[in-house]
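Taken together, the values in this text are just the output of simple stated rules run on the coordinates, not laboratory data. Here the structure is a predicted model, which is why all the values come from computation and not from measurement. As a convention, Cβ positions derive from the backbone with ideal geometry for all residues, glycine included, and neighbour counts pool all protein chains shown.
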Amino acid sequence: MNETFSAGAVAVITGGASGIGRAAARRCAAAGMRIAIVDVNDDKLARTRDELAGTIGPDHVTAERIDVSDAAALVALAGRIEAQWGAPSLLMNNAAAFVSGGAGGILDPLETWQKLFAINVFGPINGVQAFLPGMLRAGKRARIVNTGSKQGLTNPPGNPAYNTTKAAVNAYTQNLQRDLRERESSKVSAHLLIPGWTTTGDAAHKPGAWLPEQVIAFMAEALERDDFFILCPDDETPNAIDRKRIVWNALDVALNRPALSRWHPDYKDAFARFMHQDLPAGFGG
Ligand SMILES: NC(=O)c1ccc[n+]([C@@H]2O[C@H](COP(=O)([O-])OP(=O)(O)OC[C@H]3O[C@@H](n4cnc5c(N)ncnc54)[C@H](O)[C@@H]3O)[C@@H](O)[C@H]2O)c1
């Protein structure tokens, strides 16, 4: 049995009406948990609520139309959930907005940057501020999973606003986990889910991508091991390739190379050679 997904426990999942969040909600429903899904898409919320209610019964599911950038609304939700069901044992701060890069890039309108920060960065912060106090008070084993992205780690050109928000989620979640592990009586841990290429939203499934259910199965196993970083592969990019890309990025700083040297013409050959080498022992290959 997976202790994260256990009957009667409470899960709160933002962005829970679609994709990875919905797959997590389905997994919780299969385990007999009580589930609150938070989303801004009314149609998908209603459909997912009905589907989950069909599995676990209507009393075990609530669908909340809340924008995660609304801190007060999340605090109010936390109060309602705790009064009704108790504090969550799983909080997934997973909702995010994605604005495709295209021509704008760095000079995308300020409103775009502000919107992405409000949802992708303040969404998880708002979720933690709202639910963590109750989770700590409850004194039970509980987990917070924030959904990051490889784009927050390796920073590929094309969508700087999204990359920057996901880099912030990485930094924030590491600080959150360090804080939680330093608290004497805390049984709450934080984890960073880093999905690979995953078919979500209304996209057609393409070869190479994973399905959201695969991401959640991978996440469940990682949580069993208590991993902090949940670095998901997909059918195109195995973990070994991701690890090398991540190490290359870190070496940009350590070796004083140009910013994002992976995409610098002078470093094209060196990067290709690096990717063909094995990482030293202890780097995970
Ligand atoms: N799909 C991928 O390849 C991939 C890769 C890396 C990371 N991610 C991350 O996975 C997470 C889930 O995304 P997904 O791929 O399942 O996409 P998705 O579009 O299927 O699901 C995202 C959900 O979040 C909701 N949402 C958007 N803004 C919101 C807001 N302000 N408040 C509440 N809900 C809001 C949407 O309505 C949608 O239902 C995101 O954090 C995303 O950045 C996805």
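The amide H of I144, built 1.01 Å from its N in the peptide plane, has L91, S189, A190, H191 as neighbours under 5 Å, considering only residues 5 or more places off or on other chains.
Relative to the current alpha-carbon distance between N239 and R65, full extension at 0.36 nm per residue lengthens the span by 59.1 nm. Each residue, H276 and D226, gets one label point 7 Å from its Cα in the Cβ direction; the gap between the two is 4.2 nm. A simple rule links phi to the HN-Hα coupling: the Karplus curve 6.51 cos²θ - 1.76 cosθ + 1.60 with θ = phi - 60°, which for the stretch 119-127 gives 8, 6, 9, 6, x, x, 4, 4, x Hz, with x for Gly and Pro.
Selection among N175, F229, G201 by position relative to the dipole of the stretch 173-285 gives N175 as farthest towards the positive end (Cβ unit charges, Cα centre).
Of the Cα atoms belonging to the stretch 58-101, the radius of gyration and Dmax stand at 12.8, 42 Å. If amide H atoms are built 1.01 Å from N in the plane of the peptide, which residues on other chains or at least 5 residues away come under 5 Å of the amide H of V61? Hits under the 5 Å cutoff: I35. Using 0.36 nm per residue and subtracting the Cα-Cα separation, the extra length available between L260 and T55 on full extension is 69.1 nm. Translational diffusion of the stretch 101-207 was estimated from the Stokes-Einstein equation, with Rh taken as the Kirkwood radius over Cα pairs; at 10 °C and 1.306 mPa s the coefficient is 103 µm²/s.
Can you pull the percent of Cα pairs in the chain with separation above 24 Å?
Roughly 51 percent, once rounded to a whole number.
Against the empirical 2.2 N^0.38 Å (N residues), the stretch 21-117 has a Cα radius of gyration ratio of 1.27. For the chain, the number of Lys pairs separated by eight or more positions or lying on different chains, with C-alpha atoms closer than 21 Å, is 9.
For the chain, what does the helix formula give at 222 nm: sum of -39500 (n - 2.57) over DSSP H segments with n ≥ 4, over the residue count, nearest 500 deg cm²/dmol? The helix contribution divided over the chain gives -14500 deg cm²/dmol.
Coupling constants for the stretch 221-237 follow from the phi torsions by the Karplus curve (6.51 cos²θ - 1.76 cosθ + 1.60, θ = phi - 60°), and in residue order they are 5, 5, 5, 4, 7, 6, 5, 7, 7, 10, 8, 7, x, 9, 6, 9, 10 Hz; glycine and proline get x. Within the chain, the longest run free of GluC sites (Glu not before Pro) that sit in a DSSP loop with at most 15 other Cβ atoms within 10 Å is 4-183. Across the stretch 137-146, computed HN-Hα scalar couplings (Karplus, 6.51 cos²θ - 1.76 cosθ + 1.60, θ = phi - 60°) run 4, 5, x, 9, 4, 8, 10, 10, 10, 9 Hz from first to last residue, x flagging Gly and Pro.
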